[in-house]
Amino acid sequence: KGQVLDNDVCGNAMTNVEVKRGSTPVIKGNKIRDGLRCGVYCFRESDALLEANEISGNALSAVVVEAAASARIVRNRIYGGKQHGVLVLRAGKAYVEGNEIFANAGAGVQLEAEADPVIIRNKIYDGKQSGVLISDHARGRVEANDIFRNAMAGIEIRSGADTVVANNSIYDGAKSGVFVSDDGRGHIVGNKIYGNGGAGVEVKHGGNPVVKGNEIFDGKQAGIFVNDGGKGVFEGNDVYRNAFAGVEVRSGSDPVVRLNRIRDGKQTGLLVYDRCKGTFEENEIFANSMAGVAVQAGAEPRLCRNKIHSNKEYGVFVYDGGKGVVDGCDIYHNADAGVVLQAGADALITNCKIRDGGGYGIVSCDESAGE
């Protein structure tokens, strides 16, 4: 037990504060800085309270929780470390609330090796890597955090991790807002994801998350980007004002995209290409600066019961060997033709309403083979 209060703990050759073997100290109001290893290291079934400390400039991670230890990490400032801000691993459990975690050389928070923490209501920013990095079958919950201006993804999920990411603001990062790869999963629910340098949400290499009820907007690339064999279910999101396609799918990917609003983008609403598939159903795709939907380069999507309207060019544009099925869609009020099949397109257009456009209803030209 014991209390460690209002000390300046600095420059030690080993960890500045080590908590182990079932101890339950209160560590509060200290400066824990410039150590040659970790700032605070909790392991072997200990249970510490870390509150209102300033933990900075340590050579390894600022706070480490591992080996079945628990820690409550509350209202600390954790910054300027040479590795991660908070590292939870090897079945460690932590409750991390109300901290300011910034300007660390590694991830602001890293979860790995079956860690199961709660990360809630923190500010995680200006990191040199991802804001939160979750890997190696870690679980836990990342909720209601403000995650911004990190050099890599705001939140990265990979290597079998399956975490709930809910109600966060994830913005102004240099790369993607949320990045899921290498068989990562996760439930990405109710977040505001905006102003990031990469895609709002990027999924690749077998990533398979559920992405539901998010606002994804004002990104500098695609709103949602599924690439290189990515999967996932994308449902009920509002995707708007992104600089590239609202939703872009390519390179063998096969997602399910349904009940989303994909709108007001600076390029195509939905872009599907390069031998991918995917199911796109009951989306509303409108007011985009180019075509509502573009299919090309051997892609073979299934588009069912979508509303595709008020786009600045075509409603649906299938070209360059694009394939697939467009079934039961309502295609209307587009500035040019409702449907264009061009340059080797081989798509089935069936049971659709194609109406009230600014050009032809359907155009088939230049050796297209569609029905």
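The values are calculated or read from the model by the stated rules, or taken from the named source; none is laboratory data. These numbers come from a predicted model, not from an experiment. Here the Cβ positions follow ideal geometry from the backbone for every residue, glycine too, while neighbour counts run over all protein chains shown. Just so you know, the surface numbers come from the protein's heavy atoms only, side chains and all, with ligands and any DNA or RNA stripped out. Shrake-Rupley method; radii C 1.70, N 1.55, O 1.52, S 1.80 Å.
Structural remarks
- In this entry, residue 130 is excluded by the filter for residues that are surrounded by fewer than 22 Cβ atoms within 10 Å (Cβ to Cβ), more than 17 Å from residue 76 (Cβ to Cβ), in contact (Cβ under 8 Å) with a residue 24 or more places away in the chain and hydroxyl-bearing (Ser, Thr, Tyr).
This table checks each residue for (1) β-branched (Val, Ile, Thr); (2) outside the structural domain of residue 67 (by the TED database); (3) out of contact with any Phe, Trp or Tyr (no Cβ under 9 Å at 6 or more places or on another chain); (4) buried (at least 24 other Cβ atoms within 10 Å of the Cβ).
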{"position": "112", "(1), (2), (3), (4)": "no, no, yes, no"}
{"position": "118", "(1), (2), (3), (4)": "yes, no, no, no"}
{"position": "121", "(1), (2), (3), (4)": "no, no, yes, no"}
{"position": "124", "(1), (2), (3), (4)": "yes, no, no, yes"}
{"position": "141", "(1), (2), (3), (4)": "no, yes, yes, no"}
{"position": "145", "(1), (2), (3), (4)": "no, yes, yes, yes"}
{"position": "151", "(1), (2), (3), (4)": "no, yes, yes, no"}
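- The lone criterion from (1) assigned to a strand (DSSP E or B); (2) touching a residue at least 40 places away in the same chain (Cβ under 8 Å) left unmet by residue 95 is number (2).
- Boolean, residue 247 is in contact (Cβ under 8 Å) with a residue 40 or more places away in the chain and either on the phi > 0 side of the Ramachandran plot or open to solvent by less than 10 Å² (accessible area, probe 1.4 Å) (or both): no
- Members of the stretch 339-353 found to be surrounded by fewer than 15 Cβ atoms within 10 Å (Cβ to Cβ) and not hydrophobic (A, V, I, L, M, F, W, C), listed by number: 350, 351, 353
- Where a residue in the stretch 62-86 is not assigned by the TED database to the domain that holds residue 122 and its partner, wherever it lies, is surrounded by 24 or more Cβ atoms within 10 Å (Cβ to Cβ), with Cβ under 8 Å and at least six apart: none
- Restricting attention to the stretch 194-222 and to residues that are within 14 Å of residue 247 (Cα to Cα) and of a type in the set (A, V, I, L, M, F, W, C), the residue that is surrounded by the fewest Cβ atoms within 10 Å (Cβ to Cβ) turns out to be 217.
- Pairs, first of a type in the set (Phe, Trp, Tyr) in the stretch 182-199, second open to solvent by 10 Å² or more (accessible area, probe 1.4 Å) and not in a loop (DSSP other than H, G, I, E, B), C-beta under 6 Å, six or more apart: 194/171; 194/217
- Taken over the stretch 17-58, the criterion of being surrounded by 21 or more Cβ atoms within 10 Å (Cβ to Cβ), assigned to a loop (DSSP other than H, G, I, E, B) and among the hydroxyl-bearing types (Ser, Thr, Tyr) is satisfied by 46 alone.
- You will find that of 336, 356, 327, 320, the residue that is over 23 Å from residue 250 (Cα atoms), surrounded by fewer than 17 Cβ atoms within 10 Å (Cβ to Cβ) and either assigned by the TED database to the domain that holds residue 252 or of a type in the set (Asp, Glu) (or both) is 356 and no other.
- Close contacts from the stretch 262-288, counting a first residue that is closer than 15 Å to residue 299 by Cβ and not assigned by the TED database to the domain that holds residue 216 and a second that is among the β-branched types (Val, Ile, Thr) and surrounded by fewer than 24 Cβ atoms within 10 Å (Cβ to Cβ), with Cβ to Cβ under 9 Å and a gap of 6+ residues or different chains, come to 278/256; 279/256; 280/256.
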